[in-house]
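Novice: The structure's right below; bear with me while I get my questions together.
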Amino acid sequence: MTDLNNLSVNELQAMIENAESALKNKQASQRKEVFAQIRALADSVGVTVEIHDAGKKPKRKGAKVAAKYRNPDDASQTWTGRGVMPRWMRALNEAGRDKSEFLI
């Protein structure tokens, strides 16, 4: 084994990166083998299995929110009422107008 004290910083960094890469590859290979074993066992008893990898986060499917307010000066500008208030709504509020006037 290499004496780590005699290696330069760059050599140590390269060794660490290579070790991390080799570890990830080995873990992925083992994971595939275990999944194959699970599927084989399930097939042997006539059961189907669906395996979800915990490392992968499911994509979030957020529902699109309908617009709640419309700019009276420009009908193409709308706001759902969520998040930061748009400039046009802020300007109208500062001018003394109420949000409820712009409900769709």
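Novice: Is it the case that some residue within segment 26-46 is surrounded by 10 or more Cβ atoms within 10 Å (Cβ to Cβ) and within 30 Å of GLU101 (Cβ to Cβ)?
Specialist: No, every residue in segment 26-46 fails to be surrounded by 10 or more Cβ atoms within 10 Å (Cβ to Cβ) and within 30 Å of GLU101 (Cβ to Cβ).
Novice: Name the residue, out of ASN5, ASN18, ASN25, ASN10, that is modelled with pLDDT under 90, over 30 Å from ARG87 (Cα atoms) and part of a helix (DSSP H, G or I).
Specialist: ASN5
Novice: Pick out the one residue from ARG90, ARG31, ARG60, ARG39 that is of a type in the set (D, E, K, R) and not in a helix (DSSP H, G or I).
Specialist: Answer to the check: ARG60.
The values are calculated or read from the model by the stated rules, or taken from the named source; none is laboratory data. This is a predicted model, so every value here is computed, not measured. In this analysis, Cβ positions are derived from the backbone assuming ideal geometry, glycine residues included, and neighbour counts consider all displayed protein chains.
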